[in-house]
Amino acid sequence: MEKHDKIYIAGHRGMVGSAILRKLEKEGFSNFVMRTSSTLDLRDQNAVAAFFADEKPNYVFLAAAKVGGIVANNTYRAEFLYDNLQIQANVIHNSYLNSVKKLMFLGSSCIYPKMAPQPLREDYLLTGPLEETNEPYAIAKIAGIKMCDAYRAQYGCNYISVMPTNLYGYNDNYHPQNSHVLPALIRRFHEAKEKAIPLVTIWGTGSPRREFLFADDLAEACYYLMQNYNEPGLVNVGTGEDVTIKDLALLVKKITNFKGDINFDSSKPDGTPRKLMDVSKLHSNGWKHTIELEEGVALAYKDFLNKYVAAY
Ligand SMILES: NC(=O)C1=CN([C@@H]2O[C@H](COP(=O)(O)OP(=O)(O)OC[C@H]3O[C@@H](n4cnc5c(N)ncnc54)[C@H](OP(=O)(O)O)[C@@H]3O)[C@@H](O)[C@H]2O)C=CC1
Ligand SMILES: C[C@H]1O[C@H](OP(=O)(O)OP(=O)(O)OC[C@H]2O[C@@H](n3cnc4c(=O)[nH]c(N)nc43)[C@H](O)[C@@H]2O)[C@@H](O)[C@@H](O)C1=O
């Protein structure tokens, strides 16, 4: 990418899209094209076709998607499949029709089989059954990877697929039911402290393990890969380190300064027991994360206090 290139960040108001925008601005890029979902619904084939024909971006970061935590994925199964298939099919196909030079598709670690060996290597894709709670989302994401590869094979398009681990950071979604675990716990511990509630309940058994990457680190990786990586298939992006949900809860308890107790609601789903990324391909391509979990959770909590608590 050159500084004058026109760059379309799909989903630029989201957690990942906004981090990519910050990174590109820091690097001196300024020729952006962006639309909110209310001005351009990426599920609308005709609207997306007209947008690409008008704007003709040179590079595309596809960070728009229907996104949510374990309960949202399990509840809105049809929407997670339909919205994500439509969004990615429209953006990828119209990128091809309008000669986009390079596109980055963002998938997720949930594309791997539920019981795959750990850590998850890129070649474990499609080697076993998926986790039930997020199967529709995972199927859509797998279709996105295969679409990038098919357009590369048939039309020579330089479309790359990046699989981030669980993410958190600035502009996260703090919805009490639909969010991912880290923002959910930040909000729950904070509210319990403010309202002097003595007990915070954590979903599931606390034993699943998850790996967390700060979204600004992901944006650094996306920029690096967009400049340096041109292969078919997929590349994992993570830290290569994971924690139990119980240990995560204890960390959030410490950072929010909640003094009460925690317990576990095992009627809520645990999901995949573990999904630790093998990041050796990423490291051998020359990129490594810099923000560790404790530092990142403190930054995210500060962002939550500034943006969300201020609005209460
Ligand atoms: N969060 C996580 O833990 C992980 C995320 N990912 C992937 O990273 C990418 C970004 O996720 P994240 O930033 O967390 O998600 P967010 O929910 O924060 O942002 C998603 C963005 O997608 C846009 N969007 C959603 N539906 C439509 C639509 N129909 N038309 C146009 N735009 C739409 C929204 O636009 P608007 O704001 O204008 O409504 C929003 O800005 C996704 O592909 C996700 O699968 C991968 C692994 C983990
Ligand atoms: C990124 C990834 O995100 C989703 O998968 P997930 O990793 O299971 O995501 P999660 O963050 O929602 O949960 C992680 C763990 O944490 C536990 N947990 C405890 N307490 C809360 C809680 O309060 N909220 C949530 N959401 N989870 C909680 C929860 O029970 C689970 O064991 C995919 O659907 C898919 O979207 C995807 O790709």
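Sub-6 Å Cβ pairs linking a first residue in region 126-142 that is in contact (Cβ under 8 Å) with a residue 40 or more places away in the chain and closer than 18 Å to residue 105 by Cβ to a second residue that is part of a helix (DSSP H, G or I) and of a type in the set (S, T, N, Q), at least 6 apart or interchain, are 134/73; 137/73; 140/84, ordered by first then second residue.
For region 249-279, the candidate set comprises residues that are open to solvent by 70 Å² or more (accessible area, probe 1.4 Å) and either more than 10 Å from ligand 2 (Cβ to nearest atom) or of a type in the set (D, E, K, R) (or both); within that set, the residue that is nearest to residue 128 (Cα to Cα) is 274. Kindly indicate whether any position in region 68-90 is away from ligand 1 (no atom under 13 Å from the Cβ), outside any helix (DSSP H, G or I) and not small (Gly, Ala, Ser). So far as region 68-90 goes, no, none of its residues is away from ligand 1 (no atom under 13 Å from the Cβ), outside any helix (DSSP H, G or I) and not small (Gly, Ala, Ser). Residues that are open to solvent by 20 Å² or more (accessible area, probe 1.4 Å), assigned to a loop (DSSP other than H, G, I, E, B) and more than 14 Å from ligand 1 (Cβ to nearest atom) within region 15-34 comprise 27, 28, 30, 31, listed in sequence order. Put simply, of 168, 151, 137, 174 the only residue that is away from ligand 2 (no atom under 15 Å from the Cβ) and not small (Gly, Ala, Ser) is 151. Is it the case that residue 170 is closer than 20 Å to residue 239 by Cα, within 16 Å of ligand 1 (Cβ to nearest atom), open to solvent by 20 Å² or more (accessible area, probe 1.4 Å) and not in a strand (DSSP E or B)? Taking the combined requirement at face value, the residue satisfies it. Suppose the filter is open to solvent by 20 Å² or more (accessible area, probe 1.4 Å) and under 30 Å from residue 55 (Cα atoms); does residue 159 pass it? No: the conditions fail for residue 159. For residue 246, the criteria (1) open to solvent by 60 Å² or more (accessible area, probe 1.4 Å); (2) over 22 Å from residue 176 (Cβ atoms) hold in every case but one, which is (2).
Please verify whether region 271-286 includes one or more residues that are under 29 Å from residue 205 (Cα atoms), among the hydroxyl-bearing types (Ser, Thr, Tyr) and in a helix (DSSP H, G or I). Within region 271-286, none of the residues are under 29 Å from residue 205 (Cα atoms), among the hydroxyl-bearing types (Ser, Thr, Tyr) and in a helix (DSSP H, G or I). Could you tell me whether any residue of region 107-126 is crowded, with 23+ Cβ neighbours inside 10 Å and over 19 Å from residue 239 (Cβ atoms)? No - not one qualifying residue is present in region 107-126.
Yes/no per residue for (1) farther than 26 Å from residue 68 by Cβ; (2) open to solvent by 60 Å² or more (accessible area, probe 1.4 Å):
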position: 4; (1), (2): yes, yes
position: 7; (1), (2): yes, no
position: 36; (1), (2): no, no
position: 46; (1), (2): yes, yes
position: 50; (1), (2): yes, no
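Only one of the listed residues (252, 235, 200) is outside any helix (DSSP H, G or I) and under 22 Å from residue 302 (Cβ atoms). That residue is 200. Taking the numbered list (1) closer than 22 Å to residue 243 by Cα; (2) open to solvent by 10 Å² or more (accessible area, probe 1.4 Å); (3) within 14 Å of ligand 1 (Cβ to nearest atom); (4) out of contact with any helix residue (DSSP H, G or I) (no Cβ under 7 Å at 6 or more places or on another chain) in turn, residue 217 passes all entries but (2).
If we keep just the residues of region 91-117 that are assigned to a helix (DSSP H, G or I) and among the aliphatic types (A, V, I, L, M), which is nearest to the chain's Cα centre (by Cα)? Restricting to residues being assigned to a helix (DSSP H, G or I) and among the aliphatic types (A, V, I, L, M), the top hit is 111.
Does residue 216 satisfy the condition of being at pLDDT 95 or above, farther than 22 Å from residue 145 by Cα and more than 15 Å from ligand 2 (Cβ to nearest atom)? In short, yes.
The values are calculated or read from the model by the stated rules, or taken from the named source; none is laboratory data. Please read all numbers here as calculations on a predicted model, not as lab measurements. Note that we place each Cβ from the backbone using ideal geometry, even for glycine, and neighbour counts take in every protein chain shown. In case anyone asks, the SASA skips ligands and DNA or RNA and just uses the protein heavy atoms, side chains included. Shrake-Rupley method; radii C 1.70, N 1.55, O 1.52, S 1.80 Å.
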